Amino acid sequence: MHLDPTLTRIAVPSKGRLQEPSESLLRAAGIKYRKRDRSLFSNVDGLKAAILFVRPDDIPLLVAEGAADMGLVGEDLVHENNCGARVEKKLDLGYGFCRLAVATRVVGGAKKVEDLRGQKIAASMSVSAREFFKKKNVDVNLLEVTGSVEIMVALGLADAIVDLVESGDTLRDNGLEVIETVAQSQAILIQTPKPRDEKLCELVVRRLRGVLTAQQYSLLEYNIHRDKLKQAEALTPGYNSPTISSCEDPDWVAVKVMVPKKQSIEVMDKLEALGASAILETLISNCRL
């Protein structure tokens with residue numbers, strides 16, 4: 001299968017924790033493609049674009065060098081590959097949250113970073129770890145490792161580790177605890193400085209932003225007596241403003257408004273107490289604001 005050199009290229013992780021949510025986000029944004037086993041790329045239906053399936057570690061460099069126009073990748077990997085100044089961050093994607101942290105033994109381990117001076121530190125992300133200890137002015141013996149970093153302490157290879165932490169369960173299972181956070185990270189959308197098709201890249205950004213925004217809001221619809229409309233609008237001001245329609249009964253109006261999803265139940269309670277009726281919540285799958 002030939003990769004058309006004129007197609008806009010969007011790099012996504014071929015494996016790892018960001019693979020599934022990245023592909024789900026693209027599908028929700030209408031960026032659809034047929035993925036074949038062992039395929040390295042796939043053309044996007046209806047757009048002059050192709051999806052590249054590549055190792056997460058390679059995405060920052062591919063985008064920085066222009067081999068890919070856009071990429072969905074962990075922010076930690078952009079920094080680790082020294083590509084922060086060579087790519088443009090377009091969106092925070094709202095998933096893949098984790099932190100790079102220093103962890104030591106719960107029993108007998110150092111309790112602060114300064115206590116690690118002169119000790120062996122196993123690090124999965126050596127660039128970020130080296131920068132961190134340099135800023136702290138703490139000289140350590142840094143060991144670059146891959147795979148199960150947590151076991152290095154149990155094996156006696158290291159006194160502490162610097163590794164990505166999500167829930168912290170793996171650390172606890174290995175008798176380790178975080179003593180300091182190096183950096184926070186999440187999945188982001190990055191873009192090369194000179195993409196093949198600037199307008200198409202802008203369209204991709206708008207589509208993804210529409211899905212991400214929709215995930216944060218619900219659509220509320222309710223009827224309210226005109227005398228209570230101002231009070232109801234104070235509870236539901238909307239993204240810009242609510243949509244107000246007249247009901248058959250001239251004393252009543254119908255309101256349609258976006259509200260933050262996390263606040264929807266509380267807002268519904270307050271509307272009900274105000275005298276609103278027929279209060280409906282609808283999930284939003286996509287939007288443009």
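Every number in this text was worked out from the coordinates using simple rules, so none of it is lab data. Fair warning: this is a prediction, and the values are worked out from it, not measured in the lab. Please note: Cβ atoms are built from the backbone with ideal geometry, for glycine as well, and neighbour counts cover all protein chains shown.
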Point to revise | Relative contact order %, segment 168-289, counting alpha carbon pairs below 8 Å whose residues are six or more apart | key: 33 percent
Point to revise | Spin-label model distance (nm) - Lys199 vs Lys32, 7 Å beyond Cα toward Cβ | key: 2.4 nm
Practice item. Please tell me which of these pairs span more than 32 angstrom C-alpha to C-alpha: Lys89/Lys270; Lys90/Lys111; Lys89/Lys230; Lys120/Lys194; Lys15/Lys89? Key: Lys89/Lys270; Lys90/Lys111; Lys89/Lys230; Lys120/Lys194
Practice item. Quick one: net charge around Lys111, please, counting Lys, Arg +1 and Asp, Glu -1 for every other residue with C-beta under 12 Å from its C-beta. Key: -2
Study note, to complete from the structure: Note on the chain: contact order normalised by length, alpha-carbon pairs under 8 Å, 6 or more apart, percent, works out to 20 percent
Check your understanding: Can you sort Glu150, Glu198 so the residue with the fewest Cβ neighbours within 10 Å comes first?
Key -> Glu198, Glu150
Exercise for review: Grab the Cα-Cα distance for Ile284 and Arg172, subtract it from 0.36 nm times how many residues apart they are, and report the gain in nm with one decimal.
Suggested key: 36.5 nm
**Study point:** Distance in nm between pseudo-label sites at Lys261 and Leu40 (7 Å out along the Cβ direction from Cα)
**Key:** 3.7 nm
Study note, to complete from the structure: When the chain is treated as a Gaussian network with springs between alpha carbons less than 10 Å apart, the largest mean-square fluctuation among Arg117, Arg196, Arg209 is found at Arg117
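What is the fewest-to-most order of Val138, Val63 by other Cβ atoms lying within 10 Å of their Cβ?
Working: Val138 17, Val63 30.
In order of increasing Cβ crowding within 10 Å: Val138, Val63.
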Point to revise | Mean separation of Cα contacts under 8 Å (6+ apart) over length of segment 218-283, as relative contact order % | key: 51 percent
Practice item. Just report the Cα centroid separation between segment 79-125 and segment 157-192, whole Å. Key: 6 Å
Revision key, fill the gap. The alpha-carbon center of segment 193-243 and that of segment 50-69 are separated, in whole Å, by 31 Å
Exercise for review: For the chain, with a Gaussian network of springs between Cα atoms less than 10 Å apart, report the residue from Asp197, Asp163, Asp37 with the top mean-square fluctuation.
Suggested key: Asp37
Review point. What do you get for Rg/Rh over the chain if you use C-alpha atoms and the Kirkwood form of Rh?
Key: 1.11
Exercise for review: Report the extension gain between Leu143 and Ile244 in nm, rounded to one decimal, defined as 0.36 nm multiplied by the number of residues separating them, less their alpha carbon distance.
Suggested key: 30.1 nm
Review point. From the square roots a ≥ b ≥ c of the eigenvalues of the alpha-carbon gyration tensor of segment 98-184, which class results: rounded (a/c under 1.5), prolate (a/b over b/c), or oblate?
Key: rounded
**Study point:** Cβ-defined net charge surrounding Asp159, 11 Å radius [Lys, Arg +1; Asp, Glu -1]
**Key:** +2
Review point. Just Ser22, Ser14, Ser277 to compare: in a GNM of the chain, with alpha carbon springs under 10 Å, which one fluctuates most?
Key: Ser277
